[in-house]
1. List the lysines whose Cα sits under 21 Å from the Cα of LYS168, skipping any in the same chain fewer than 8 residues away.
2. Under a Cβ-only charge scheme (Lys and Arg +1, Asp and Glu -1), can you give me the dipole magnitude of the range 150-203 about the Cα centre, in debye to the nearest 20?
3. Considering only VAL179, GLY142, ALA155, whose Cα is most displaced toward the positive end of the charge dipole of the range 137-192, charges sitting on Cβ of Lys, Arg (+1) and Asp, Glu (-1)?
4. Take the Cα atoms of the range 150-203, find their three principal axes, and give me the spread along each one in whole Å, biggest first.
5. Along the range 155-167, what does the Karplus equation 6.51 cos²θ - 1.76 cosθ + 1.60 (θ = phi - 60°) give for ³J(HN,Hα), rounded to whole Hz, x for Gly and Pro?
Amino acid sequence: MKKSQLGLLLFLVLASAGLRAETGAAISGVYGELTVGVDPQNQSLSGYYQNGTGSNGSGGSQFSCLFYLVGKKQGAAYAIQTWFPGDGKKEVIAGELRFISAAGAEPASVQLKLKQEPGGCGMVDPDLASTEGSRLIQDAAGQWKSVRVVSAKRAHFFESPDAIAPRKTYVVQGDALRVWDQKPGWVQADFEGKNKGWVKETDLFPAMP
C-alpha cells in the first residue's frame, strides 16, 4: 500500500471514529452542572442546569446560572426550550442538546448550545451561547425518565400516593428531582439519589413554559 493511500485510510478511520463520537445514545444522567432525564417511549427529555461562580459574602454565589429545559428529538440532536422556573415573564430561549458517546479516553458527554445567554449565565458559562456550545462531561448515568424542579418552600416525600402522613424527609425550592414514575397529582422521584418516594405535583414548577 502506498504511503498516500495509507494516510487516506487512516484519515477515514479517524473521521469515522469522530462521527461515532458525535452520535451518542440519549441517556439520563448527571452531566456536570446539568441533570437530564430521557423518556425513551416518546423521545422527550427534560433537565435542570444549575451553576454559579464567585461569592456573595453569605455563602452563596455572586453570579448564578439557572434554567429548566425540555426537548424533543430532531435528527441526531434534541431541539430544546429553556426558561427560569417561576419566571413570571416566561422568557423562553431555544437551543440544542446533543449526546456524545465515550470514545477512547474521552468520556460520554453532552453538547449544550443556546441561541442566547439566559440571565446571569454570561459570567458563569459564556460558552452556552457560543458557536460550539458548552461541553458537559457525564458524572453518572441513570434510568429516571424526567427532571422536575421544586417550587414549594418545603416538599415532603410520601411512602405512596395513598399515604396519610408524609415522611420526615423533604426537599426545598430550587431542588431538582429525578422522576421515575408518575400518577395523577404525584411523581415518584429522588433527590441526588437519596430519599426516593412520592411528591405532590402541586409542590413542583410546571413541566412546560
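1. Straight-line reach from LYS168, under 21 Å: LYS153, LYS194, LYS196, LYS200.
2. On the way: 9 positive and 8 negative charges, 37 e Å.
Charge dipole, the range 150-203, about its Cα centre: 180 debye, nearest 20.
3. Comparing the listed Cα positions along the dipole, ALA155 ranks first.
4. 25, 20, 19
5. 10, 7, 8, 10, 5, 7, x, 8, 5, 7, 10, x, 6
Read-outs throughout are calculated quantities, based only on the coordinates presented, and are distinct from any laboratory measurement. Predicted model only: the values in this text are computed from it and were never measured. Glycine also receives a Cβ, built like all others from the backbone with ideal geometry; neighbour counts cover every protein chain displayed.
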